[in-house]
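The values are calculated or read from the model by the stated rules, or taken from the named source; none is laboratory data. Here the structure is a predicted model, which is why all the values come from computation and not from measurement. Note that each Cβ is placed from the backbone with ideal geometry, even for glycine, and that neighbours are counted across all protein chains shown. These area figures cover heavy atoms from the full protein model, side chains too; ligands, DNA and RNA do not enter into them. Shrake-Rupley method; radii C 1.70, N 1.55, O 1.52, S 1.80 Å.
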Amino acid sequence: MKKVSLALLFLSLFLSLLPLAAAEGEKYTLDTLIEAMEEGNADLLKSDQEVLKAHYDTADAKGAYTPSIDLLITGTYMANPVMGPIKLRPGDIQGLPDIVDSIWTDPLDISMNMGNNRVQGQLTITQPIFTWGKLSNAVKLFQTVEGLRGMERSDKENQLIVELKSRLDALYYMDSIYPLLSEIEEKADRLIAISETAEEEGMLLEEDVLDAKIQKQQVALSRKEIDSQYSSVLEALRTLTGIDDLTMADVDYTPDESSADTILSYSVDELVAASTDPSRLSVQMLEGMEKVQGYTKKIAEGSIYGKPDIALQVSASYGGKIDSNWFDDDTWGLNITVALSTTLWDGGKKLNDIKRADSSIAEASIDKETAIRTIEENVISSYNAAELSKEKIAFAQMQLDLDEMKAEKERTAQALGSSSDSNVLQAELKVIQDQVTLITERIQLSQSVYTLMYLSGIDAPRQALITDGMAE
């Protein structure tokens, strides 16, 4: 029975591990990498905290509308109470009739037995009544800042998603370059061997051998350069997603090469207009900064000289000794106060606050114009780069097709005995180099296209957008 139980236990453990093995075999997709980025990216996590702090700032500003309630309770032990015996005699009171003097002969004891232990308490409630709009404008200011923090977080996420796609594209294309480099190295070795043999036989000059060796050295340098770039891009991808051991072997991803046709189906003027449209987050954030400075000025204007803040304060106090007769000896008080408070002069500081606010408003406006102009310049630059990359890709493809035809002719000529192995290898090397050039241009195109998509917010073809608009 014990053996059967152990067998069942091991079987249950084995079955429980099967899903784990399946999960470990799954690859990351673009969607799962975005999810990982949202959960583990330091910039997004920091933005979440900034949004949270902005929310608390807004809550604090709204809290100023409500009364503040303060309570103070103290207990005191007096080793030597300050009030001792007090005797009141008739002569201590002026203006008493003579008949009172004849009746009141003995001193009257009016001593207060304070006792050694006392308790005091005070409750104060303060409620702002009128503040010349300072409270309401402060609430609007912090609400605007909270909205800006939320937009910054969304914009940061959009930016990181574009960066994620861009880096995945680059790694994907660089992975496809490595086999080509290995093929070039293999053919270069064969070419060097053939050249050295031909040199020994007097059929080639030494410079031809050196030329073959230089080609191989160029490939080695290219591999080192790509290794460095690959390592940097991969490390940046790990930082983006928060996955420290991520490799491209763990990722199931293929670039969407149709995205270039999607974004370039629009004219540069249309992309500039889309990028600077008031609905874009970047433009809304710039306008939000102007609003923040405007509310700052209104708060400063509400604090100008001669504009009193009005507040109501109600305070209740209680004091008494701690003993069995506390009720007979306690004291209490209630005060209701309406206060007006204003600054009449402080050397002009409040006037300077208004002037500083005006300056900040002008600065925010300048920043907005500068930022919009920068966006326009980036759109135009990226659009031109994308168009140029497309033309280079088309040219590289034509060159590849031509060189493949030439290589095929060399192989045919070799079979007929009219061409050498060296000529065939040279032609094949040229084909592989064309393939590397084509892939490199695709990387450049990818970077420009994703930049345009981020700036403009456009990720659907023109016809699709028109169809959607008609459906609405």
| note | Ranked output for segments 189-196, 355-362 by mean other Cβ atoms within 10 Å, highest leading, reads 189-196, 355-362
| field | Zone residues, the stretch 422-445, relative to Met405, backbone N less than 16 Å from point 7 Å out along Cα-to-Cβ | value | 431
| Mind checking which lysines have their C-alpha under 23 Å from Lys62, skipping anything on the same chain fewer than 8 residues away? | Lys53, Lys134, Lys140, Lys291, Lys297, Lys298, Lys307
| task | Mind checking the full-extension length gain between Tyr178 and Ser365? Use 0.36 nm per residue of separation minus the Cα-Cα distance, one decimal, nm. | result | 62.3 nm
| request: Would you mind counting up the charge near Leu237? Only other residues with Cβ under 12 Å from its Cβ, with Lys and Arg at +1 and Asp and Glu at -1. | output: -3
| query | What does the accessible area per residue of the stretch 369-439 come to in Å², with a 1.4 Å probe and no ligands, DNA or RNA counted? | reply | 57 Å²
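By per-residue mean of other Cβ atoms within 10 Å, what is the highest-first order of 178-186, 66-74? Walk me through the numbers on the way to the answer.
On the way: 178-186: 15.2, 66-74: 10.7.
The most tightly packed comes first, giving 178-186, 66-74.
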| request: With a 1.4 Å probe and every protein chain left in place, work out the accessible area per residue of the stretch 246-287 in Å², rounded to a whole number. | output: 45 Å²
| query | Computed FRET efficiency, Cβ-Cβ of Lys216 and Tyr56, R0 56 Å: what is it to the nearest 0.05? | reply | 0.30
| message | Which lysines, if any, have their Cα less than 19 Å from the Cα of Lys321, not counting same-chain residues under 8 positions apart? | response | none
| remark: Each label sits 7 Å from Cα toward the beta-carbon; between Thr76 and Asn384 the label points are separated, in nm, by 8.2 nm
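Between Asp106 and Ala394, what length comes free when the chain is fully extended (0.36 nm per residue of separation minus the Cα-Cα distance, one decimal in nm)?
Length gained, Asp106 through Ala394: 91.3 nm.
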